1. Within the stretch A:1-43, work out how many residues are facing chain B (nearest Cβ under 10 Å), farther than 21 Å from B:Gly26 by Cα and in contact (Cβ under 8 Å) with a residue 40 or more places away in the chain.
2. Taking the stretch A:44-61 on its own, how many of its residues are facing chain B (nearest Cβ under 9 Å) and over 23 Å from B:His74 (Cα atoms)?
3. Quick one: which of B:Ile137, B:Ile142, B:Ile178, B:Ile187 is crowded, with 23+ Cβ neighbours inside 10 Å, β-branched (Val, Ile, Thr) and without any contact (Cβ under 8 Å) to a residue 40 or more places away in the chain?
4. Can you name the residue in the stretch A:42-79 that is under 12 Å from the mean Cα position of the chain (by Cα) and among the charged types (D, E, K, R) and, of all such residues, is nearest to A:Tyr5 (Cα to Cα)?
5. Mind checking which residues of the stretch B:156-167 are more than 19 Å from B:Leu61 (Cβ to Cβ) and open to solvent by less than 10 Å² (accessible area, probe 1.4 Å)?
6. Among the residues of the stretch B:148-155, is there at least one that is open to solvent by less than 10 Å² (accessible area, probe 1.4 Å), under 29 Å from A:Leu71 (Cβ atoms) and at pLDDT 95 or above?
7. Out of (1) over 20 Å from B:Gly10 (Cα atoms); (2) touching a Ser or Thr at 6+ places or on another chain (Cβ under 7 Å); (3) open to solvent by 10 Å² or more (accessible area, probe 1.4 Å), what's the single condition that is false for B:Lys77?
8. Say we look at the stretch B:1-57 and pick out the residues that are in contact (Cβ under 8 Å) with a residue 12 or more places away in the chain and small (Gly, Ala, Ser); which of these is surrounded by the fewest Cβ atoms within 10 Å (Cβ to Cβ)?
Amino acid sequence: MNKLYNIHTVWLMLVLLTLITYCLSFIDTNGTAIMLVLMTVAFVKGVMIIRDYMGLKGVSLLWKIIMYGWLTVVCLVILVAYLLV
Amino acid sequence: MNKHPKPIPGDLAMWIIIFAELLVFGIFFIAYAIVRINNVELFNDSQLTLNRETGALNTILLITASYFVVMAIHALKKNLSKKSSHYLYASIACGSLFILIKSIEFQDKFSAGIDIGTNTFYMLYFLLTLFHYFHVILGLMILFVVALKTWKGHYKADQTHAMETAGSYWHMVDLVWIIMFPLIYVIR
């Protein structure tokens, strides 16, 4: 990790993204755009936890596929299910 | 360029457990989203009765607890076992606060006459959050054992395996909540 992107800034970004999610909860979240933003934020937070907290950067492709694959499938299915309504 | 991928942190058996747990939680999340399709109004109205402030605070607590676990591993790698145990205790404190806040939230719902049989939303709400709640308790127990052994000096700089194993489980609990917070508390 470089000087700007390190475990401390990862924590800070995760907190800020959580606060953004919280603030967005006060907007009427029926819209497609807001739904996309919220799920993208959740996905980005998930990537940071897998990569930087779990330390999966540099591990074999199989484990990356399993972890990022789980995150992608869950976020996509939720997104599609909500946009279908 | 490194030709060989680095080994997965911690014990392989724990990662198989993590994968199994993620599959179960994933099915729960997908079930929630699909069941909602035919119960949109019920889900939206019921969701508004949840406390978003405690949901956000609990997210920050879990993120911070995970951060302290990472810091504990970094400290142990420098052979600073006392400092490492202090980080783990800080992580346990954050996780315990999560449990306390969630317990109050459950108590509030029960005292308002809301339980698992109230409606479909609350059935899924209690199933998902209680399932996660017990995982947090298990994670705290694992962290406590590792923290105690670290504090007693059982681990040296080259013995991070147990802490990485415990940490991986804890991060899984965090990862699941990262999806659960927007799903249950925010998006509608």
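The values are calculated or read from the model by the stated rules, or taken from the named source; none is laboratory data. Keep in mind the model is a prediction, meaning the values are calculated, not measured. Note that each Cβ is placed from the backbone with ideal geometry, even for glycine, and that neighbours are counted across all protein chains shown. Surface areas here come from the heavy atoms of the whole protein model, side chains and all, with no ligands, DNA or RNA. Shrake-Rupley method; radii C 1.70, N 1.55, O 1.52, S 1.80 Å.
1. So the count comes out to 2.
2. Of the residues in that region, 1 qualify.
3. Every option except B:Ile187 fails the conditions.
4. Selected residue: A:Arg51.
5. B:Met163
6. no
7. Tallying (1) over 20 Å from B:Gly10 (Cα atoms); (2) touching a Ser or Thr at 6+ places or on another chain (Cβ under 7 Å); (3) open to solvent by 10 Å² or more (accessible area, probe 1.4 Å), B:Lys77 fails exactly one: (1).
8. B:Ala31
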